[in-house]
Structures are given as C-alpha cells and as structure tokens.
Amino acid sequence: MREDFRGRGLATIIGRIAFGLAWAKWSPDLIYALVAGWNIEKGIVDRYGYQHREPHGSTLRLPAWGIEDDDWFVWLTRDEFFEDAFAHFGIASAWREYAW
C-alpha cells in the first residue's frame, strides 16, 4: 500500500465493505480466513473485524523446500457482523428485526 494511505484506518473500512458485500451476495452463516501469525500480532485481524481466532488452523511443513507455515483460523458470524455494523449507526439491536 502507498505510504500516504497507511495509518488512515483503511483496513477497517475495506474489511467492513468486503464483509457487507459477501453477506449481500451470498448470505453466509460465517466468514472465515486462514491468516499468517503476523496478521494477529499487528492487529490487522482485529481491524478487519474478525472476532474469533484459533492457532494452527492450517499447518504445512515441507522441510525439503524450506516451507514452515502455521496459519491462524479466524472467523466472524452473521450475527456478530450485523451487531457490529448496526452499532456504528447507533442502532445496535435494530438488526434483529431483519435477521433471516
């Protein structure tokens, strides 16, 4: 990312937009991802809005090729997404009227 865009909260905005588009198009029960540990350490996962995380979500060890991957499994449920989205508009409990 360009230096002049860093530190402006774009990860939070882009994450919420991506989640909203996913729910509008597919209406999943949850959204999940496998992420490298540095995403957890730097707080990127928190800024995107994922509320749950488990270590060792995917482990790949191929010593012959120098590969040592140990990713985290992160996820967010539909209810948690809507609670968070509506809370930003000051109507935290209103989403329940529109729950599927």
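The values are calculated or read from the model by the stated rules, or taken from the named source; none is laboratory data. The structure displayed is predicted, hence computed values, not measured ones. Cβ coordinates were reconstructed from backbone atoms using ideal geometry, including for glycine residues, and neighbour counts include every protein chain displayed. Remember, those area values only see protein heavy atoms, side chains included, never the ligands or the DNA or RNA. Shrake-Rupley method; radii C 1.70, N 1.55, O 1.52, S 1.80 Å.
When you check THR59 against the structure, is it free of Cβ contacts under 8 Å to residues at least 24 places away in the same chain and β-branched (Val, Ile, Thr), yes or no? Spell out how you get there, then give the answer.
Working: free of Cβ contacts under 8 Å to residues at least 24 places away in the same chain: yes; β-branched (Val, Ile, Thr): yes.
So THR59 passes the test.
The set of residues from segment 50-82 being closer than 22 Å to ILE40 by Cβ and in a helix (DSSP H, G or I) comprises GLU80, PHE81. Of the residues making up segment 7-49, those that are in a helix (DSSP H, G or I), open to solvent by less than 80 Å² (accessible area, probe 1.4 Å) and either among the hydrophobic types (A, V, I, L, M, F, W, C) or on the phi > 0 side of the Ramachandran plot (or both) are LEU10, ALA11, ALA18, PHE19, ALA22, TRP23, ILE40, ILE44, VAL45.
What do you reckon, is ASP4 exposed (fewer than 13 other Cβ atoms within 10 Å of the Cβ) and not aromatic (Phe, Trp, Tyr)? Talk me through it step by step, then tell me what you get.
Numbers: exposed (fewer than 13 other Cβ atoms within 10 Å of the Cβ): yes; not aromatic (Phe, Trp, Tyr): yes.
Criteria met by ASP4.
Hey, among the residues in segment 83-100 that are in a helix (DSSP H, G or I) and either among the small types (Gly, Ala, Ser) or within 20 Å of ASP46 (Cβ to Cβ) (or both), which one's modelled with the lowest pLDDT? Give the steps one after another, and end with the answer.
Step one: filter segment 83-100 for residues in a helix (DSSP H, G or I), giving 83-87, 94-98.
After this cut, where a residue has to be either among the small types (Gly, Ala, Ser) or within 20 Å of ASP46 (Cβ to Cβ) (or both) as well, the list is 83-87, 94.
On the way: GLU83: 83, ASP84: 78, ALA85: 75, PHE86: 75, ALA87: 73, ALA94: 55.
Of everything passing the filter in segment 83-100, ALA94 is modelled with the lowest pLDDT.
Residues that are in contact with a Lys or Arg (Cβ under 8 Å, 6 or more places away or on another chain) and surrounded by 10 or more Cβ atoms within 10 Å (Cβ to Cβ) within segment 50-69 comprise GLU68, ASP69, listed in sequence order.
Residues of segment 50-73 include at least one that is β-branched (Val, Ile, Thr) and modelled with pLDDT of 90 or more.
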